[in-house]
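First comes the structure, then the notes that go with it.
The values are calculated or read from the model by the stated rules, or taken from the named source; none is laboratory data. Computed from a predicted structure; not experimentally measured. Counting neighbours? That spans all protein chains shown, and the Cβs are built from the backbone with ideal geometry, glycine included. When the accessible area is computed, the model is the full protein with side chains, heavy atoms only, and any ligands, DNA or RNA have been set aside. Shrake-Rupley method; radii C 1.70, N 1.55, O 1.52, S 1.80 Å.
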Amino acid sequence: MPPTHTLQQTETPAPAEAVAPLMRGIAVLRRLTDAGGTMSPSAIERATGLARSTVDRITATLARMDYVRLDGRDVTLAPRLMELGNAYLAALRLPSLLGESADALADELDESVSLAVGDGDGIRFIHQATRRRAMSLSFRIGDLLPLERTAPGPLLAAAWGAEEWATWRARRAADPEGLAFPAAPPRQPTDERDFTARVEQARRDGWAVDDQLIEPGLVALAVPVRSPGGEVACLVSVVSHTSRHTAASLRDTLLPRVLAAAAAMEDALRQAPPADVPPSPPRWPPGRGRPSRSWAVSSSSPWHAA
């Protein structure tokens, strides 16, 4: 079971405009997810630092909304919760636009292929195609992994400015054990100099590798997929095992085909039709221009990877 951690250890301070009950409800859902989907109210109390009465009110509300079930003395995540994650994936459009290409690449290479986007100083998977020869990966769609321990990470950090680097260093200092990344297997923190060297290499090469940083025996190669505007829309990764490839052989034998697949994905993004326009568009406030019709969901979220 992943280690439990209180809100004070992992949550950023609430801004003045924050809705505290909403933040507490989401924190309960996160702790339930970390624990495998089921916890007792007393365990939620310990993991979040919330009062038992607050936990009871939150779980009762979530149960009324069908996002959790109250099974005897336990609280269990309910299937309806998938609506929230699926709503993001549907709005993002990348899995529907690029998923078949990722699957075809996995078939061609007989290796596992993933699509990922950046989230702060981590990455999240939005599509996975596992294949017969790949070891059974424990990472799920939506899992958050630290940038410094992945192949896509250096490619995303290559676009960071001083503020993003400061945020990354502050997170590592406040959370040296990586409790904010419960899906990542525990290990000693990555040396900052090693990560910055990988970032510089990725900036020069346009691709990056993970040589058993996320898990012993796993090697990965990542290439960016760029939107028509030139931003990183997502990253395509090929994951193999050291019984079949070293990080060097993964690069030498598979990189040309992964680059070709990424180029085909970029063509698919350029040729994608516009997103559906709502039948009744909202009335925009005076002085605010109406957004132009775009095949993307919005001008900021669909292809902004970090």
Inset, instruction - Output the number of residues of region 43-59 satisfying the condition of being touching a residue at least 40 places away in the same chain (Cβ under 8 Å), in a helix (DSSP H, G or I) and closer than 11 Å to Arg24 by Cα. - result: 1
Legend entry - Selection count where residues are farther than 23 Å from Ala47 by Cβ, aliphatic (A, V, I, L, M) and under 17 Å from the mean Cα position of the chain (by Cα), scope region 150-188: 4
Inset, instruction - Go through region 16-46 and give me each residue that's open to solvent by 40 Å² or more (accessible area, probe 1.4 Å) and farther than 17 Å from Arg73 by Cα. - result: Ala16, Glu17, Val19, Ala20, Pro21, Leu22, Met23, Arg24, Ile26, Arg30, Thr33
Inset, instruction - Tell me which of these Leu81 doesn't satisfy, since it passes every other one: (1) open to solvent by 30 Å² or more (accessible area, probe 1.4 Å); (2) in a strand (DSSP E or B); (3) in contact with a helix residue (DSSP H, G or I) (Cβ under 9 Å, 6 or more places away or on another chain). - result: (2)
Legend entry - Failed item, numbered, when Val68 is tested on (1) open to solvent by less than 10 Å² (accessible area, probe 1.4 Å); (2) under 13 Å from the mean Cα position of the chain (by Cα): (2)
Inset, instruction - Might you let me know whether region 85-92 holds any residue that is open to solvent by 80 Å² or more (accessible area, probe 1.4 Å) and farther than 30 Å from Ser243 by Cβ? - result: yes
Legend entry - Hits in region 206-226 (condition: under 11 Å from Leu259 (Cβ atoms) and open to solvent by 10 Å² or more (accessible area, probe 1.4 Å)): Gly206, Trp207, Pro224
Inset, instruction - Exactly one condition in (1) of a type in the set (Gly, Ala, Ser); (2) in contact with a helix residue (DSSP H, G or I) (Cβ under 9 Å, 6 or more places away or on another chain); (3) assigned to a helix (DSSP H, G or I); (4) farther than 24 Å from Leu269 by Cα is not met by Ala166; state its number. - result: (2)
Inset, instruction - Scan region 242-261 for residues that are surrounded by fewer than 16 Cβ atoms within 10 Å (Cβ to Cβ), over 17 Å from Leu105 (Cα atoms) and among the small types (Gly, Ala, Ser) and jot them down. - result: Ser243, Ala248, Ser249
Legend entry - Filter pass, Asp110 being surrounded by fewer than 18 Cβ atoms within 10 Å (Cβ to Cβ), more than 18 Å from Ala262 (Cβ to Cβ) and either out of contact with any Ser or Thr (no Cβ under 9 Å at 6 or more places or on another chain) or among the acidic types (Asp, Glu) (or both): yes
Inset, instruction - All but one of (1) in contact (Cβ under 8 Å) with a residue 40 or more places away in the chain; (2) farther than 13 Å from Ile214 by Cα; (3) basic (Lys, Arg); (4) crowded, with 16+ Cβ neighbours inside 10 Å hold for Arg149, so report the exception by its number. - result: (2)
Legend entry - Filtered residues of region 111-137 (kept if out of contact with any Pro (no Cβ under 8 Å at 6 or more places or on another chain) and at pLDDT below 90): Gly120, Ala129, Thr130, Arg131, Arg132, Arg133, Ala134, Met135, Ser136, Leu137
